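Data block below; observations after.
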Amino acid sequence: MESLINNPPGTESMSQLITIERHILEQQKYFPEAHGELTELLNDVAFAAKLVRREVVRAGLVDILGFAGSTNVQGEEVKKLDLFANEKIINAIGQHGRFAVMGSEENEGIIIPPKNDSGSYVLLFDPLDGSSNIDVNVSVGTIFSIYRIKGDDPSKASISDCLQHGYEQVAAGYVIYGSSVVMVYTTGHGVHGFTYDPTIGEFLLSHENIVTPKSGKYYSINEGSYEQFNEGTKKYLDYIKKEDPATGRPYSTRYIGSLVADFHRNLLVGGVFIYPPTSKHANGKLRLMYEANPLAFICEQAGGRATNGRERILDIQPTELHQRTPLYIGSTDDVIVAEEFEQGIR
Ligand code: AHM
Ligand code: MG
């Protein structure tokens, strides 16, 4: 498939414009048993992302039209953006009957869509990640993960269909609402990124077959929590800041506090993102099913590595929907070094 990357804007011919819908359709050849369902449901996700985008780019207008939780000039209740995104995604995706069961970071239990008797897939998602950045015009994102249901009767789908290993994902992706809006996805055949063109309302292929560097120069961690880190993490932070030209140290800190944005940057230019165990949160803060698993699938597909400091994220046996996990993710060599400190090997 031809890529847009080398063409200055405006010089591309129509044959070079590859929409996400067309790209997803092309990927269908890898799933002959799926009869186009996976294609349709990935397209549903891309559509829901457009709805969320429409609202995210108007976020600052809440001040004019009414604060979240208040009533706007039309007399409607103004929803917090993350709750709005959650509702949009559930409605936009749930109505087609392609998913038998869904789970959202914003909902305590599983969501059974109204027409779920024909869907053979499970959708798990974080509708708007990076909550502390939502109201201050800093990038936020949507993360999603897709599995097949375990049995063959969608109407019997239950929480056990949601609690599958990360390696059982059939697709995963994220949308970053940043200086431009980008959707990245994998179906296990490479990682592909699409930039939203608001003039035509389409996601266009902009990053084909993303391969993450083996090592980078960034480390991303909330160092404000230093006192809560264990000895391994503290030693790692001392190490990564030490001058050593042979290993490219010191690394630079980059931490936005929006996982999707931090992950996306490191995926493209290399580096490591760490949310370690802390004295307050022994399993870190991030959620296995909504954040770690989908990003781990993408990262591995791009040639990177994702663990909890000891074990591969995709091999962790989930026991609950909102389970948390420490996360070490990014360029393989950088993640291995961070793990060695965590394990006390260094
Ligand atoms: P959220 O789901 O409430 O938005 O929390 C997840 C976010 C991630 O995007 C980010 O990596 C992390 O929380 C930042 O947490 P902290 O403020 O502890 O560094
Ligand atoms: Mg989140």
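None of the figures in this text is laboratory data; all of them are computed from the coordinates on show. None of these values were measured; they are calculated from a predicted model. Cβ placement follows ideal geometry from the backbone for every residue including glycine, while neighbour counts extend to all protein chains displayed.
On C-alpha positions alone, give me the angle between the axis of helix 37-56 and the longest principal axis of the chain, in degrees, nearest 10.
Between the helix axis and the principal axis of the chain, the angle is about 80 degrees.
Treating only the Cβ atoms of Lys and Arg (+1) and Asp and Glu (-1) as charged, compute the dipole magnitude of the chain about its Cα centre; round to the nearest 20 debye. Could the numbers behind the result be given before it?
Numbers: 31 positive and 45 negative charges, 113 e Å.
Its charge dipole is roughly 540 debye.
What nm value, rounded to one decimal, do you get for the distance between ILE159 and LEU83 when each label is placed 7 Å out toward the C-beta?
Using points 7 Å along Cα→Cβ, the separation is 2.4 nm.
Given Cβ point charges of +1 (Lys, Arg) and -1 (Asp, Glu) and nothing else, what value in debye, to the nearest 20, does the dipole of segment 14-207 about its Cα centre take? Don't jump to the answer; show the numbers that get you there.
Details: 14 positive and 25 negative charges, 61 e Å.
So the dipole magnitude of segment 14-207 works out to roughly 300 debye.
In nm, what is the difference between 0.36 nm times the number of residues separating SER252 and LYS234 and their Cα-Cα distance?
Result for the pair: 4.9 nm of gain on full extension.
Helix 259-269 versus the longest principal axis of the chain: what angle, 0 to 90°, nearest 10, using Cα atoms?
The answer is roughly 70 degrees.
Residues with amide H under 5 Å of LEU286's amide H, sequence separation 5 or more or different chain, H placed in the peptide plane at 1.01 Å from N; which?
Correct list: THR325.
Rounded to the nearest 0.05, what FRET efficiency do ARG346 and ASP315 give with R0 = 25 Å and r taken as the Cβ-Cβ distance? Could you check?
Step by step, r from the Cβ atoms, then E = 0.60.
Just going by the charge dipole of the chain, with Lys and Arg at +1 and Asp and Glu at -1 on Cβ, which of ASN86, TYR290, SER139 is farthest out on the positive end?
Farthest towards the positive end: SER139.
Connecting C-alpha atoms closer than 10 Å in a GNM of the chain, tell me which of ASP82, ASP152, ASP262 has the biggest fluctuation.
Ranking ASP82, ASP152, ASP262 by mean-square fluctuation puts ASP152 first.
How big is the chain on each of its three principal axes, counting only the C-alpha atoms and giving the largest first in Å?
Principal-axis extents of the Cα atoms in the chain, largest first: 54, 50, 50 Å.
Estimate the FRET efficiency between SER132 and HIS281 by the formula 1/(1 + (r/R0)^6), using the beta-carbon distance for r and 22 Å for R0, to the nearest 0.05.
On the way: r = 16 Å, r/R0 = 0.72.
Between SER132 and HIS281 the formula returns 0.90.
For segment 141-164 and segment 185-211, what is the separation of their C-alpha centers, rounded to whole Å?
Between the Cα centres of segment 141-164 and segment 185-211 lies a distance of 25 Å.
When the helices in the chain are scored as -39500 (n - 2.57) per DSSP H run of 4 or longer and the sum is shared across all residues, what 222 nm value do you end up with, to the nearest 500 deg cm²/dmol? Present the calculation step by step, with values, prior to reporting the outcome.
Numbers: 9 runs with 92 residues, N = 346.
Rounded to the nearest 500, the figure is -8000 deg cm²/dmol.
Tilt of helix 231-241 relative to the longest C-alpha principal axis of the chain, in degrees (0 to 90, nearest 10)?
90
Could you derive backbone 3J(HN,Hα) for segment 143-152 from the dihedral phi with the Karplus parameters 6.51, -1.76 and 1.60 (θ = phi - 60°), listing whole Hz in sequence and x where the residue is Gly or Pro?
Computed from phi, the couplings for segment 143-152 are 10, 9, 8, 10, 10, 8, 5, 6, x, 10 Hz.
Give me the percent of DSSP beta bridges within segment 218-342 that run antiparallel, rounded to the nearest 5. Walk me through the numbers before you get to the answer.
On the way: 10 of 14 bridges.
The antiparallel fraction comes to roughly 70 percent.
Please compute the contact order of the chain in relative form: average sequence separation of alpha-carbon pairs under 8 Å and at least six residues apart, divided by the residue count, as a percent.
15
Arrange the peptides 86-95, 312-321, 222-231 so that the one whose residues have, on average, the most other Cβ atoms within 10 Å appears first.
Details: 86-95: 19.2, 312-321: 15.9, 222-231: 13.5.
For the peptides 86-95, 312-321, 222-231, the packing ranking is 86-95, 312-321, 222-231.
log₁₀ I(q)/I(0) of segment 69-196 at q = 0.10, 0.15, 0.19 Å⁻¹, via Debye over equal Cα point scatterers, no solvent, to two decimals?
Each listed q corresponds, in turn, to -0.36, -0.77, -1.11.
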